[in-house]
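Structure first, then comments.
The values are calculated or read from the model by the stated rules, or taken from the named source; none is laboratory data. None of the values given here were measured: they were computed from a predicted structure. FYI the Cβ positions are ideal-geometry reconstructions off the backbone, even for glycines, and counts take in every protein chain you see. Please note that ligands, DNA and RNA were not included when accessible areas were found on the heavy atoms of the full protein model with its side chains. Shrake-Rupley method; radii C 1.70, N 1.55, O 1.52, S 1.80 Å.
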Amino acid sequence: MTPEDLAGALTDVRRLRAGFAGTAPQPWTATTAAAEMTVQLGHLALCLLRRRGADTTGLHDPQRPITNTGDELADVLLAALSVPTLAGTEPAALPTAGPEGRDGEIEHFLRLLITVGQLAEAAMMHDGFRHQPTGTPPSIPAASASAVTAAGTLANRLRLDLLAEFRAMVLDADAFLRARNSTR
């Protein structure tokens, strides 16, 4: 993702966060966005299990099909950018992607999990839900940048255009908000 792509995505995230603010019973914080990130990671994991031919019986709701890997990865990206947005900051400069590894798809998913965990921890510290641990955990800007890069690397491995998936998700979200607002 280029700096220009990231700037455009952040503009969309800010607009969506403002639009969705009226749909939640309570105001969202960085920690709430981090919790949403875990929901979206679960959805992504379900899609990846299906891609690998695993039996997902009992892990999905037939009334709520979750089958679009690109859309779920775009939702993870939305959450990873929502954390800094709600914390009043922005991601740091995006780092370069790591090595390919032995089991590309699984390894990249695990790297995404790690970076998202670091981002969630930073959000919890920011919002006063977690103590400052020993060592030097990454800040929200650094952890968000790492999570964005990890999502992009996984998307590349899956042969997905993450930016195109993100833009499609934004269009769907905008349509949902317009429909919701027209019925009020």
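Need one value: the accessible area of ASP71 in square angstrom, 1.4 angstrom probe, rounded to the nearest 10.
40 Å²
Considering the chain as a Gaussian network with a 10 Å cut-off on Cα pairs, which listed residue, GLY88, GLY152, GLY53, attains the greatest mean-square fluctuation?
Maximum fluctuation in the GNM of the chain, among the listed residues, is at GLY53.
Using a 1.4 Å probe and counting only protein heavy atoms, arrange GLU36, GLU90 so the residue with the most accessible area comes first. List each step's numbers first, then the result.
On the way: GLU36 60, GLU90 95 Å².
Descending accessible area places them as GLU90, GLU36.
Mind jotting down the distance between the C-alpha centroids of the stretch 108-150 and the stretch 6-83, whole Å?
Answer, in whole Å: 17.
Between ALA120, ALA143, ALA168, which gets the highest mean-square fluctuation from a Gaussian network model of the chain, Cα cutoff 10 Å?
Of ALA120, ALA143, ALA168, the most mobile in the Gaussian network model is ALA168.
For the stretch 1-80, which trypsin sites (Lys or Arg not before Pro) are both in a DSSP coil and crowded by at most 14 other Cβ atoms within 10 Å?
Those that pass, being in a loop and sparsely packed, are ARG52.
Just from its helices, what would the mean residue ellipticity at 222 nm be for the chain, if runs of 4 or more DSSP H residues each count -39500 (n - 2.57) and the sum is divided by every residue, rounded to the nearest 500 deg cm²/dmol?
Numbers: 6 runs with 120 residues, N = 184.
Calculated from helices alone, the mean residue ellipticity at 222 nm is -22500 deg cm²/dmol.
How much of the accessible area of the chain, probe 1.4 Å, is carbon plus sulfur, in whole percent? Write down the numbers at each step before the final one.
Values: 5390 of 9830 Å².
It is 55 percent, rounded to a whole number.
In square angstrom, rounded to the nearest 10, how much accessible surface does ARG167 have for a 1.4 Å probe?
130 Å²
Is the C-alpha gyration tensor of the chain telling us rounded, prolate or oblate? Criteria: a/c under 1.5 is rounded; beyond that, a/b larger than b/c is prolate, otherwise oblate.
It comes out rounded by the Cα gyration axes.
When ligands, DNA and RNA are left out and all protein chains stay put, how many square angstrom of accessible area per residue does the stretch 1-177 have with a 1.4 Å probe?
With the other protein chains kept in place, the stretch 1-177 gives 51 Å² per residue.
For ASN156 and LEU113, calculate 0.36 nm times their separation in residues minus their Cα-Cα distance, and state this gained length in nm to one decimal.
Using 0.36 nm per residue and subtracting the Cα-Cα distance, I get 13.9 nm.
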